[in-house]
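Structure record follows, encoded as structure tokens.
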Amino acid sequence: MVSTESTNEVVIETRNLTKVYRDFWGRQKVRALKALDLEIRRGEVFGLLGPNGSGKTTTIKLLLGLLFPTSGQALVFGRDATDVRKNERIGYLPEESYLYRFLNAEETLDFYGRLFNMPRAVRRQRTAHLIEMVGLEWAKRRQLKEYSKGMQRRIGLAQALINDPELILLDEPTTGLDPIGTREMKDLILKLKEQGKTVVMCSHLLADVQDVCDRIGILYQGELKELGRVDSLLKVREMTEIRATGLSRETEAEVRAAIERNGGRVVSWGNPTTTLEELFLKIIEQSEAHPGQRVRGGADDGR
């Protein structure tokens, strides 16, 4: 169980973070990220959503220190993201895992363990544990060139966890997985949260994000358009839903009578939710109709 104190600790903070790509002559070519202000706390699963070209990958690369910001600042564990020493505490699964095709799973994890100067006994223990965790024990001695795309994602996740990181960045983690593998991957993400890890995931599969994320941020054309808790953002606030059970016959009759007099019938009570896909498309539509403005859905961003 993650303590309240640790949950409130800010692991990632961006302040007016901006990235502009320029051409050979220094002229502005693409503004990939525009004044991003964001806080991600320890122990939460945060989803970063957006269509292609919205700035998700640029944000991840800025956090890893692989890119330098044009303006603004990104802080990870309180350090500037350009300080590569903080990467020892980070695990990263890119959208395309660039692994050595002629190594098997055990050799791959041992290789990455060596990069972190892990003792041999620790490498062996972590390798065995992670291979079992991602469900590849049956194929641990097969060369990676024989792996399917789904199997490559699994071993990619294992290598991202070899150093037992505090922060895990996942780019499209369920790509190539079948429904069972997708469910297992989401269960693994939830298990990482239970261990107190902080997980940031980018995905186009909105249902996957809805299943595992505590909060989400939606990017469009480099701008943050929405930020908040998933359960709060998906509420349809102009509708009321009633769900009743265990009522006495007299009370149920009174409620039913009152509603039926107005042409309705009791089904549920509360705030029904839309889907993350519908929310996502609505925000993109409104962003195109009103460029430069942040979409306000009236939801609490969890701060």
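A few comments on the model shown:
- Near the amide H of residue 33, within less than 5 Å, lie the amide hydrogens of 19, all on another chain or at least 5 residues away, with H placed in the peptide plane.
- Amide H contacts under 5 Å for residue 92: 169, restricted to partners 5 or more places along the chain or on a different chain, H placed in the peptide plane at 1.01 Å from N.
- Under 5 Å from the amide H of residue 67 lie the amide H atoms of 62, each residue being 5 or more positions distant or on a separate chain, with H modelled from the backbone and absent for Pro and chain starts.
- A straight chain from residue 285 to residue 96 at 0.36 nm per residue would run longer than the Cα-Cα distance by 65.1 nm.
- The charge dipole of the chain, taken about its Cα centre with unit charges on the Cβ atoms of Lys, Arg (+1), Asp and Glu (-1) only, comes to about 900 debye.
- GNM top mover of 283, 168, 259 - the chain, alpha-carbon springs below 10 Å: 259
- Kirkwood Rh, angstrom, the chain [1 / mean 1/r, Cα pairs]: 21.4
- Loop-located chymotrypsin sites (Phe, Trp or Tyr not before Pro) in the range 9-49 whose Cβ has at most 15 other Cβ within 10 Å (DSSP): 24, 25
- Relative exposure of 77, 116, 280, judged by other C-beta atoms within 10 Å (fewest first): 116, 77, 280
- Likely footprinting exposure, 284, 218, fewest C-beta neighbours within 10 Å first: 284, 218
- Segment residue 106-residue 207, length gained on full extension (0.36 nm per residue, minus Cα span): 33.1 nm
- Listed residue pairs exceeding 18 Å between alpha carbons, taken from 34/56; 34/193; 56/145: 34/193; 56/145
- Only alpha carbons enter this Debye calculation for the range 47-178, each as an equal point scatterer, and the log10 of I(q)/I(0) it gives at q = 0.10, 0.12, 0.17 Å⁻¹ is -0.35, -0.50, -0.94.
- Full extension of the chain between residue 294 and residue 52 yields a length gain of 85.2 nm, computed as 0.36 nm times the residue separation minus the alpha carbon distance.
- For the range 122-255, the Cα-based Rg and Dmax, in that order, read 20.5, 69 Å.
- Rough spin-label spacing in nm, given labels placed 7 Å along Cα→Cβ, for residue 79 and residue 275: 4.3
- Projected over all directions and averaged, the alpha-carbon convex hull of the range 37-80 occupies 3.6 nm².
- Spacing of the two label points (7 Å from each Cα toward its C-beta) at residue 23 and residue 190, in nm: 5.0
- Given in Å, the Rg to one decimal and the Dmax to the nearest whole number for the Cα atoms of the range 133-186 are 11.1, 31.
- Our coupling estimate for the range 181-197, obtained by passing each phi through the Karplus curve with A = 6.51, B = -1.76, C = 1.60 and θ = phi - 60°, is x, 4, 4, 5, 5, 5, 5, 5, 5, 5, 5, 4, 4, 4, 7, x, 6 Hz, Gly and Pro reported as x.
- This ranking places 97, 54 by how few other beta-carbon atoms lie within 10 Å of each, fewest first, which gives 97, 54.
- The range 1-106: trypsin sites (Lys or Arg not before Pro) in DSSP loop, at most 10 other beta carbons within 10 Å: 27
- Phi-derived couplings, Karplus 6.51 cos²θ - 1.76 cosθ + 1.60 at θ = phi - 60°, listed residue by residue for the range 205-221: 8, 5, 5, 5, 5, 4, 6, 10, 8, 7, 10, 9, x, 10, 9, 8, 6 Hz, with x used for Gly and Pro.
- Distance in nm between pseudo-label sites at residue 16 and residue 125 (7 Å out along the Cβ direction from Cα): 4.7
- In sequence order, the range 131-142 has phi-based couplings of 4, 5, 4, 8, x, 10, 4, 6, 10, 5, 10, 8 Hz under the Karplus curve 6.51 cos²θ - 1.76 cosθ + 1.60, θ = phi - 60°, and Gly or Pro positions carry x.
Coordinate-derived values only; no laboratory data. Treat the numbers as computed from the prediction; the structure is a model and nothing was measured. Cβ coordinates were reconstructed from backbone atoms using ideal geometry, including for glycine residues, and neighbour counts include every protein chain displayed.
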